[in-house]
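Undergrad: Structure below; questions to follow.
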Amino acid sequence: MNPVKHLPLIAFIAMTAFTMKAQAQSSMTQTQVPVATTAQAAHVKSYREWKHELVLDAQNRVTIIKTQIETRKALRTAAMGVDPNMARTRGLEAVASRDLALEKLEKDLREEQYDLDVANDLTVTDYFVGYLTKVQNKKAAFQEVAGKLSPEEVAELMTAYANSVFGAHAADLPASAANISKEPGK
């Protein structure tokens, strides 16, 4: 038995096991929401930390699937013409033109690339809705995060709040709500 012939298979099995473990860990971290309690003050991620973590996670998933696709293609190329039953006859081996597993991986890659694009486009409003509102002690979390937001992020968050309260864009707010001067009567 020649072990060199089995190297692609061994590499594929090792990469598949590694990928499955990484995906399991990735899905577990996505479903867990940090919980801040009064007894234990958990670190609340800033907007930039939260977004950076989501982008990195999405990039990792894209990289894993790209590696799986490359491995699958390499194995397919290496396996062509290696059928021991065909070795003596020097005949052509029938190889399926479609690889359903490869097609599924390519579909998964498109989905993960879309998720990466979404992660790159996350806003402070998404942070507020998708992360801060899920923290158990919201008041403490809001106080901790308040000092971490940039003026642009605060403005975006206030605009989203105004839109949700008044159901309109900031330009469409009533005159009483739009009066932001410090002098009374102006």
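Undergrad: Suppose we filter 62, 44, 55 for residues that are surrounded by 13 or more Cβ atoms within 10 Å (Cβ to Cβ), assigned to a loop (DSSP other than H, G, I, E, B) and at pLDDT 85 or above; which single one remains?
TA: 44
Undergrad: Out of all the residues in segment 103-115, is one or more at pLDDT 90 or above, over 20 Å from the mean Cα position of the chain (by Cα) and either of a type outside the set (S, T, N, Q) or under 15 Å from residue 57 (Cα atoms) (or both)?
TA: Within segment 103-115, one or more residues are at pLDDT 90 or above, over 20 Å from the mean Cα position of the chain (by Cα) and either of a type outside the set (S, T, N, Q) or under 15 Å from residue 57 (Cα atoms) (or both).
Undergrad: Tell me, which helices (runs of 4 or more DSSP H) lie completely within segment 110-166 with 3 or more residues that are open to solvent by less than 60 Å² (accessible area, probe 1.4 Å) and in contact with a helix residue (DSSP H, G or I) (Cβ under 7 Å, 6 or more places away or on another chain)?
TA: Because the criterion is at least 3 residues that are open to solvent by less than 60 Å² (accessible area, probe 1.4 Å) and in contact with a helix residue (DSSP H, G or I) (Cβ under 7 Å, 6 or more places away or on another chain), the helices (runs of 4 or more DSSP H) in segment 110-166 that meet it are 124-130, 151-166.
The values are calculated or read from the model by the stated rules, or taken from the named source; none is laboratory data. This one's a predicted model, so the numbers in the text were calculated from it and none came from an experiment. All Cβ positions, even for glycine, are placed from backbone atoms using ideal geometry, and neighbour counts span all protein chains on display. When the accessible area is computed, the model is the full protein with side chains, heavy atoms only, and any ligands, DNA or RNA have been set aside. Shrake-Rupley method; radii C 1.70, N 1.55, O 1.52, S 1.80 Å.
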